[in-house]
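Read through the structure below, which is laid out as structure tokens, and then see the notes.
The values are calculated or read from the model by the stated rules, or taken from the named source; none is laboratory data. Keep in mind that this is a model prediction, so the values were computed, not measured. Please note: Cβ atoms are built from the backbone with ideal geometry, for glycine as well, and neighbour counts cover all protein chains shown. Keep in mind that these areas ignore ligands, DNA and RNA; they rest on the heavy atoms of the full protein, side chains included. Shrake-Rupley method; radii C 1.70, N 1.55, O 1.52, S 1.80 Å.
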Amino acid sequence: MKCNSLTYSLNIWLTSVVVAPVLFLIVTSTMKGSHLINAVDVPESISICCLLMLVQLIFSLLTWLLFMLIIKAIVNLCDYERLWKPLIFITGILLTAGSFRAVFSDIFSNADELFYLMLCNCVCIGAGTLFYKLKSIIPVDGKSATENL
């Protein structure tokens, strides 16, 4: 079955690349003892956020490609559409946490700032999975949707 897995996964990925660093800075600024954001250092906070977005864009490209392929596999192999979103939700969070674990091997053993960045990414991926629509592209009259345009 054909679906919009490319745009669906791209929306989730790009949303997490943009929103997770902002969420991360908000979380770390409210934590006791964190000095990432001060009222005086707004330009520095913006530059930190932009740098995190760029690093995440590069860092997570392979994860996004794998995520998109897994979404296609889920849609093609699972006939029960109600299971698609939960399976994609779990897969997205596991891929995100796994990517951080692969690069930073001790990320789960100490709760430092990278751990919170990973959690912010997991929240964004999970929320994006539920927020964006995964649509089936059903052929009309035996033709694909692109042939009917």
For residues that are open to solvent by 50 Å² or more (accessible area, probe 1.4 Å) and either touching a strand residue (DSSP E or B) at 6+ places or on another chain (Cβ under 7 Å) or part of a helix (DSSP H, G or I) (or both), scanning just segment 36-50, find the one that is modelled with the lowest pLDDT.
Val42
Name every residue in segment 95-119 that is open to solvent by 70 Å² or more (accessible area, probe 1.4 Å) and over 22 Å from Cys49 (Cα atoms), in order of residue number.
Ala102, Ser105, Asp106, Phe108, Ser109
Do any residues in segment 120-140 that are within 22 Å of Thr28 (Cα to Cα) and surrounded by fewer than 18 Cβ atoms within 10 Å (Cβ to Cβ) have Cβ atoms under 6 Å from those of residues that are among the polar types (S, T, N, Q) and modelled with pLDDT of 95 or more, where the two are at least six apart or on different chains, and which pairs are they?
none
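Can you find a residue that is of a type outside the set (Asp, Glu), closer than 21 Å to Phe89 by Cα and modelled with pLDDT of 80 or more anywhere in segment 107-116?
Step one: of segment 107-116, the residues of a type outside the set (Asp, Glu) are 107-111, 114-116.
Okay, now just the ones that are also closer than 21 Å to Phe89 by Cα, so 108, 115-116.
Imposing the further condition that a residue be modelled with pLDDT of 80 or more reduces the set to 115-116.
Yes, the conditions are met somewhere in segment 107-116.
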Give just the number: which of (1) open to solvent by 30 Å² or more (accessible area, probe 1.4 Å); (2) in contact with a Phe, Trp or Tyr (Cβ under 7 Å, 6 or more places away or on another chain); (3) modelled with pLDDT of 95 or more does Ile70 not satisfy?
(2)
Sole miss for Gly92 among (1) surrounded by fewer than 12 Cβ atoms within 10 Å (Cβ to Cβ); (2) closer than 29 Å to Ile48 by Cβ is condition (1)
Just to be sure I understand the filter: pairs with C-beta atoms under 8 Å, separated by 6 or more residues or on different chains, first member in segment 104-117 and at positive phi, second member outside any loop (DSSP other than H, G, I, E, B) and open to solvent by 70 Å² or more (accessible area, probe 1.4 Å). Which pairs pass?
none
Among residues of segment 69-100, those that are assigned to a helix (DSSP H, G or I) and over 12 Å from the mean Cα position of the chain (by Cα), counted:
18
